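Structure first, commentary second.
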Amino acid sequence: MAGQGLILITMDEVRQDHLSCYGYDKIQTTNIDSIAKSGVTFETCISSSCFTPISHATILTGVYPPVHKVRNPYSPVMSKALASTLKEHDYRCAGFVGVGFLGSSLGFDVGFDYFDEPSGEEAWASHRYKEDDIGFLGGNWWFDRMLSWLRENHRRNFFIWGHYFECHLFAERALLKKKKIKEGELSEFGYYDAKIKHMDEVLFLPLTETLKALNAFDRTTIIVTSDHGTNFGEHPVPALPLAGEEIRYPQHTTMYDCDLKVPLIIKSKRLPENKRIRGMARSVDLVPTILELLDIPIPGKFNGVSLLPFIRKGEVDGLIAYSEDLFEERGGVALQAIRTDRYKLIRNNTTGVEEFYDLETDPSEHRNLMGNPTKELFFIAREMRKQLDTFLETEDETKEISGENREMIESRLRILGYIK
């Protein structure tokens, strides 16, 4: 008897409002749309960070940064991740990632039987935050290898995590050079829409076709989400020095919804088809939701909750989302945010400035109410501030790569010519 499958696709830097299943009309993401029509689409999902390693650690562990300890690009995952749990329940697990932030050096490979990460042969980028720091490779065209692994393992219980990096800024350079996207077509914001349209065609189309050819589509749970969004100028931010250029937009260095609001689509034989779920879900809810869908007992150790009860009633309510980016070297400030369906409090820990927004009347977050709140809003903001304080309590316990491991990674990157 064939087993059941789970495929988690995390798209880098993809906003939900640039997918046609969320109402975007400049491009058609036909193959992502087909998955949405086969399952449920959450109108709002909030990521735990605007920074790739932090948000992915939350997606894969079901806990927030103070627990999994990834609070910068050099902190290894310190919590048990989904692959390890599934492996204990006889799942064959494979990971395919497009950037070194999510590599084996930081423990993202733990629990996987096969793990595919960027190498010097395929990478199109390398980045460092300090001159004397290790670098991280970006770019990994893993799709054919994933489909080969799927064909070999689809008859048993399997889990595939695929992280697609080629929607990120600067990927357009490699895609244009390889003639995978057309010069001058959909070129705004670093060919953003062109990259998303290309992803829909080269990843989601062959994935769904292969699953159907293997008679595995119906028995495979598919989850499509992003690690974070990106800022197209909705909120002015300082230009970032990236790849020798001063880049203003797109970039993702804030706690506003343009950077934190991500798509979330779940297709499963246990869920209704073509259903939209109102309210605010969170990336931290993915692991407990997955475990319940797969009939695996959920331990009481998650910050997230299963979304299945909310799916049944068609609305998520009563949840609070926490997000952070405390790595000052990246955007120049250390940020935290806490959000409900209606309100958001943002704290800049570098400057001490706080912002408070009523998302019902100001969804674009342009009217900061902190300077002159009503009495009711004052008490709401005060309570949210108390909740936000609790997420700093374990910050000092964060660990980083150091010693021989750090030297080994740096040596490999130097040999490959990615750092001096």
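Every read-out reported here was derived from the displayed coordinates using simple, explicitly stated rules and does not represent laboratory data. Note that the coordinates shown come from a computational prediction; the quantities given were computed from them, not determined experimentally. Backbone-built Cβ (ideal geometry, glycine too); neighbour counts: all protein chains shown.
Tabulated results
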| item | result |
| --- | --- |
| Top positive-direction residue, dipole computed over the chain with Cβ charges, set Trp149, Ala239, Ala81 | Trp149 |
| Packing-based exposure ordering (other Cβ within 10 Å, fewest first) of Thr208, Thr390 | Thr390, Thr208 |
| Fluctuation leader among Gly332, Gly352, Gly111 - the chain, Gaussian network, Cα springs under 10 angstrom | Gly352 |
| Exposure proxy ranking, count of Cβ atoms within 10 Å, fewest first, for Leu175, Leu240 | Leu240, Leu175 |
| Debye log10 I(q)/I(0) for the chain, one point scatterer per Cα, at q = 0.06, 0.13 Å⁻¹ | -0.22, -1.17 |
| Positive-end extreme of charge dipole, segment 5-319 - chosen from His252, Tyr164, Leu319 (charges on Cβ) | Leu319 |
| Mean projected area in nm² (Cα convex hull; one quarter of hull surface) for segment 159-314 | 11.8 nm² |
| Ascending count of other beta-carbon atoms within 10 Å, so fewest first, for Leu307, Leu82, Leu392 | Leu392, Leu82, Leu307 |
| Restricting segment 315-368 to trypsin sites (Lys or Arg not before Pro) in coil, as DSSP defines it, with at most 13 other Cβ within 10 Å | Arg342, Arg367 |
| Choice from Phe391, Phe232, Phe379 with maximal GNM fluctuation in the chain (Cα, 10 Å cutoff) | Phe379 |
| For segment 322-396: Kirkwood Rh in Å [reciprocal of mean 1/r, alpha carbons] | 12.9 Å |
| Cα centre as origin, Lys/Arg/Asp/Glu Cβ charges: the chain dipole, Debye | 1080 debye |
| Ellipsoid equivalent to segment 55-146 - semi-axes via the Cα gyration tensor, in Å | 22, 19, 8 |
| Whichever lysines have a C-alpha closer than 20 Å to that of Lys269, once near sequence neighbours (fewer than 8 apart) are set aside | Lys37, Lys212, Lys313 |
| Sites Asp218 and Thr374 - FRET efficiency at Förster radius 41 Å, r taken between beta-carbons, to 0.05 | 0.20 |
| Exposed GluC sites (Glu not before Pro) absent - longest run of the chain, DSSP non-H/G/I/E/B, at most 11 other C-beta within 10 Å | 1-120 |
| Cleavage-rule hits (trypsin sites (Lys or Arg not before Pro)) in segment 191-292: DSSP loop, at most 16 neighbouring Cβ within 10 angstrom | Arg219, Arg248, Lys269, Arg270 |
| Span from the segment 206-234 Cα centroid across to the segment 346-368 one, whole angstrom | 32 Å |
| Which of Gly279, Ala36, Gln336, positive extreme of dipole for the chain (C-beta unit charges) | Ala36 |
